Structures are given as structure tokens and as C-alpha cells.
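The values are calculated or read from the model by the stated rules, or taken from the named source; none is laboratory data. Bear in mind that the values here come from a model prediction, so they are computed numbers and not experimental data. Here the Cβ positions follow ideal geometry from the backbone for every residue, glycine too, while neighbour counts run over all protein chains shown.
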Amino acid sequence: MRQRSAMPAIGLLATIVFNAHAGDAPSAQSMTIVRNGEQASIIGAPTHFVGNARIDPLFAAQAPSKVSAGYVTFQPGARSNWHTHPLGQTLVVTTGTGWVQQQGADKQVIKPGDVIWTPPGIKHWHGATSTTGVTHMAIQEVLEGKSV
């Protein structure tokens with residue numbers, strides 16, 4: 001899979017996915033299939049991540065839907081910066097062991113099969129532990145072009 005550097009102006013996952021597909025609206029009368037490997041991986045920008053993170057977009061929000069998703073893979077020690085989501089976010093851990101933390105609370109261990117819901121406006125971060133990598137699917141809604 002090809003890799004490219006994320007531009008500093010690009011937000012976290014959903015913003016990247018949304019912008020990558022702006023104008024790609026499918027016909028209201030047909031299905032759209034995005035084939036595995038058709039979208040380039042994106043290296044997480046240091047403005048949004050600490051350490052090495054890779055984003056593999058799955059799909060962008062297509063009106064009238066507001067939902068976008070992608071896989072985020074964190075190498076050991078990598079994590080997102082503190083951030084919020086205007087409409088919340090769901091994470092589904094697929095491989096590895098990681099941590100999540102809500103501001104003001106203790107960090108928590110996350111493992112494959114765990115599902116994490118972060119309500120709108122809650123400041124948090126998520127990523128790998130100091131010794132193990134983690135991958136999760138991030139699912140969020142876009143509000144006025146932004147998910148973060």
C-alpha cells in the first residue's frame with residue numbers, strides 16, 4: 001500500500017477521509033464499492049499524533065449520511081493528541097493492546113473486541129501502550145465538514 005505524509009492542515013481521521021472524497025458523491029440510485037487497497041495510507045501528522053501512527057481510510061461521509069470511518073494503527077508509544085469530536089466517536093479495537101483516557105480520569109487498557117464510545121465534546125486521547133502497538137477502527141460523524 002502506498003504511503004504519503006499528512007499535511008499539517010489535515011485533521012484527524014474523519015476529516016482526512018471526508019476531504020479525500022469530497023465530490024465523490026455516488027448516484028442515489030447505485031451502490032458504491034471502495035476496493036481494499038485503492039486508498040493510500042496516510043502517515044499521522046505530528047500536529048495530531050505523538051509517535052508513529054498510520055491511517056487507512058475506509059469510507060467518507062456521503063450525504064445524507066454523516067458517518068466516516070477508517071483504521072488507525074499506532075506503533076508502541078504512539079497516540080493521538082488530546083482532542084474532542086463534535087458528534088462523538090466509536091472505536092472498535094481490532095489488534096494489539098492500547099490505552100484510552102478521558103480528561104480527568106485514569107487511562108484504561110483496550111484490547112481486541114473492545115468498543116469505546118466517546119460522547120460529543122469529551123476531551124480524550126487513544127493509542128498504543130509503551131510496549132505494544134494497537135489498531136482500531138474509528139467511526140465518527142461529520143458536522144459542518146469536521147469530525148474533530
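Scanning the range 16-45 for residues that are at pLDDT below 50 and more than 18 Å from Gln140 (Cβ to Cβ) turns up just one, Gly23. Inside the range 45-56, residues that are among the β-branched types (Val, Ile, Thr) and in a strand (DSSP E or B) make up a count of 2. Just name the residue that is surrounded by the fewest Cβ atoms within 10 Å (Cβ to Cβ) out of those in the range 58-109 that are closer than 17 Å to Gly145 by Cβ and more than 16 Å from the chain's Cα centre (by Cα). Here the answer is Pro64. Of all residues in the range 110-148, those that are over 15 Å from the mean Cα position of the chain (by Cα) and crowded, with 18+ Cβ neighbours inside 10 Å total 3.
Condition check for Thr32 on (1) of a type in the set (Val, Ile, Thr); (2) free of Cβ contacts under 8 Å to residues at least 60 places away in the same chain; (3) part of a strand (DSSP E or B): one failure, at (3). Restricting attention to the range 54-106, the residues that are without any contact (Cβ under 8 Å) to a residue 12 or more places away in the chain and of a type in the set (S, T, N, Q) total 1.
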